[in-house]
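Engineer: First the structure, which I've put down as structure tokens, then a few questions once you've had a look.
Computed from the coordinates by the stated procedures, all read-outs in this text should not be read as laboratory data. Keep in mind it's a predicted model, so treat the numbers as computed, not measured. For neighbour counting, all protein chains shown are included, and Cβ atoms are generated from backbone atoms with ideal geometry for every residue, glycine included.
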Amino acid sequence: MSRCDSNGLARKYATHWAALVLGGAGLWSTSLPANAQGIPATRATYTREETRELLNEYSDSLQDRNRFGNGRRQTVPGNPAGGVTPEMKAMRPLLRSFSENASQLTYSMNDQISRFPGLRSLYTDALTVSAEAIGLDRRASQLGDHHAVLDEFEQLDADWRELAYKLQSVRGLPAETRDSIANLTSLDQQLRNALNTKPQINRQELGLEAAGLARGLQNLQEEIASELARSQQTQQLQIQAGKARQQILTIVSLSGDSQLDSTVLAREFKQFEAIWRPLATALRAQDNSYLERDIRRVSQSATKMHELLLLPQTIDRSQLTFLAASLKKDIDEFFARTPLKLVMHLPKAGRALATADQFYGVCEHFVDSVNRNEDEDHLIEAFGYIEDANRSFADVFGVINSDRAVAVLMRIEQSVETIRSALHVQREDFDRSAAIELAASITVLTEQLDQSTKNWLAIDPQSFSAACRNETSTLSAQSAAIHNDLVRGVPVSQLQREIDETYEHWRTAYKYLIQCQSADDRAILGRLSGRLTPALVELRTMISQSIVEQTAHRPATRR
């Protein structure tokens, strides 16, 4: 593996640290056990019975959501004969088989998470697909007109196609798992044919991501104008950035049309990529840190849209080289902003030299791998070294008492995440940033639910009014506490207790809410419940699978 540049700030700091260690500063680490390095995640999965119970609860909530009335179709065509439509007859056995196979895949993924950590971030998606399939199977067995379940099937189709797409990036899965995925994909296609529907994508999420990308491109336009000198080249960059933004705004507009074929959206996005990729290359050549930040954000958002459209996964090697170079700059900036005296007083200062040297070195190793045109598997392995080095780096320097240094540490984490996204690698460890975002969403939903519950019971009092209000109020308070604790960095083992208690309060509150008979209130409560249940399940699953404990040293090598 190549070593870091002797002219880099990282190496300069390393030299200073080496001198201090040789001069007696090594006593910093004398009280630390030799193996006390790293905070690895201990894998924790549900038992099969727990998974089955979770699936049944989840599917029940989705079925009740549909009874509350949250479908896209406002009217359901009648079935004059009053019997079972031919489409429903064809759908039922296929759906039963899909439901059974989806549940089996979920059980298998649960069992395999310890061997394939890349499944961790996809497990909740599998729970969602399984729960949707179970609930849809129940509904289909009770109804005769297939039109009544088209909304639900199209959502199931979109969710399964996205999950199957993501599972492609998890390497080394057993043959039986790959066969199960292929079988489910075949059943999904047969169901589409039976119902005469087109392949679906998650259009709402696509529209939101496109809107965010448009804002990112607008920020980029402003940075080009303020950071680059006036010239013909700058004008051309502004023109191309404007064209890219307008192309994305077209997608924002089109994504709201649920009847529009998704191939149209894919075609429009490919036109955006044809504009963006050469523009990004030209902007990277400017070597401007402000532009680099915006390029990184736009690229990450574009990668997300690429995935939502289920387009073939490709790796842009020029982007990887740029991202790795940016990461090295982030490391250099961290050292530039970090006074040496702060490093000397870190609890793990004795590891500072080796950790900094390792991180810088693995970044250069990754760039070398890209430049040597090594295959995708080698690139992912080289990125694995970056992930390990980043964990060690954060373990040593994460407690530093400097706001400026911490800001750069956060940017380093973002850079690593962007490289992961560009390589289409599923995250293996606990993603606290994603958990914080999810917890914020849950907090807002529980606050709205609490207020909506009070509004309902004020107009339509029930014998259980006091108990119901108490449950939703407690649910809201506990959700806010979890959000706060995630931001504060509370250990996941503590968060697990909190999320388990919160989930139990939600189960109790839900039993009261489904008794609402007021049409307007049912619609509101149903909409909120339909969003809250999957969010709580996702956060609970994330936390339960990532109990973090201070244990022995985890070597910075790939397994």
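Engineer: Would you work out the charge dipole size for the range 202-309 about its Cα centre, treating the Cβ of every Lys and Arg as +1 and the Cβ of every Asp and Glu as -1, and quote it to the nearest 20 debye?
Structural biologist: Around 140 debye, computed over the range 202-309.
Engineer: Using 0.36 nm times the number of residues separating Gln204 and Arg317, minus their current alpha carbon distance, what extension gain do you get?
Structural biologist: That pair, Gln204 and Arg317, stretches by 37.7 nm at full extension.
Engineer: Another question, then. Determine the shape class of the range 378-424: with a ≥ b ≥ c the square roots of the Cα gyration tensor eigenvalues, call it rounded for a/c under 1.5, and otherwise prolate if a/b is greater than b/c, oblate otherwise.
Structural biologist: Verdict is oblate for the range 378-424.
Engineer: Run the reach check for Lys328 against lysines, Cα to Cα strictly under 30 Å, same-chain hits fewer than 8 apart removed. What comes back?
Structural biologist: Within the straight-line limit of under 30 Å, Lys328 reaches these lysines: Lys12, Lys166, Lys304, Lys341, Lys348.
Engineer: How far apart, in nanometres, would the label points at Ser186 and Lys341 be if each is projected 7 angstrom from Cα along the Cα-to-Cβ direction?
Structural biologist: 7.1 nm
Engineer: Which of rounded, prolate, oblate describes the range 432-548, given a ≥ b ≥ c as roots of the alpha-carbon gyration tensor eigenvalues and a/c under 1.5 marking rounded, otherwise prolate only if a/b is larger than b/c?
Structural biologist: prolate
Engineer: Sticking with this one: In terms of Cα to Cα distance under 23 Å, which lysines are near enough to Lys89, apart from those fewer than 8 places away along the same chain?
Structural biologist: The qualifying lysines are Lys198.
Engineer: Residue separation times 0.36 nm, minus the C-alpha to C-alpha distance between Gln232 and Gln517: what's the value?
Structural biologist: Gain on stretching Gln232 to Gln517: 96.0 nm.
Engineer: Which order do the peptides 491-497, 94-100, 309-315 come out in when sorted by mean C-beta neighbours inside 10 angstrom, highest first?
Structural biologist: Result, highest mean first: 94-100, 491-497, 309-315.
Engineer: How much length would be gained if the chain were fully extended between Asp431 and Lys243, taking 0.36 nm per residue of separation minus their Cα-Cα distance, in nm to one decimal?
Structural biologist: Between Asp431 and Lys243, full extension yields 64.2 nm more.
Engineer: About its Cα centre, how strong a charge dipole does the range 134-235 have in debye, to the nearest 20, once Lys and Arg get +1 and Asp and Glu get -1 at the Cβ?
Structural biologist: Charge dipole, the range 134-235, about its Cα centre: 200 debye, nearest 20.
Engineer: In sequence order, what are the phi-derived ³J(HN,Hα) couplings for the range 255-264 according to the Karplus relation 6.51 cos²θ - 1.76 cosθ + 1.60 with θ = phi - 60°, rounded to whole Hz, with x for glycine and proline?
Structural biologist: Coupling constants for the range 255-264: 5, x, 8, 5, 8, 6, 4, 5, 5, 5 Hz.
Engineer: Further question on the same structure: Per the Kirkwood definition applied to all pairs of different Cα atoms, how many angstroms is the hydrodynamic radius of the range 109-243?
Structural biologist: 18.3 Å
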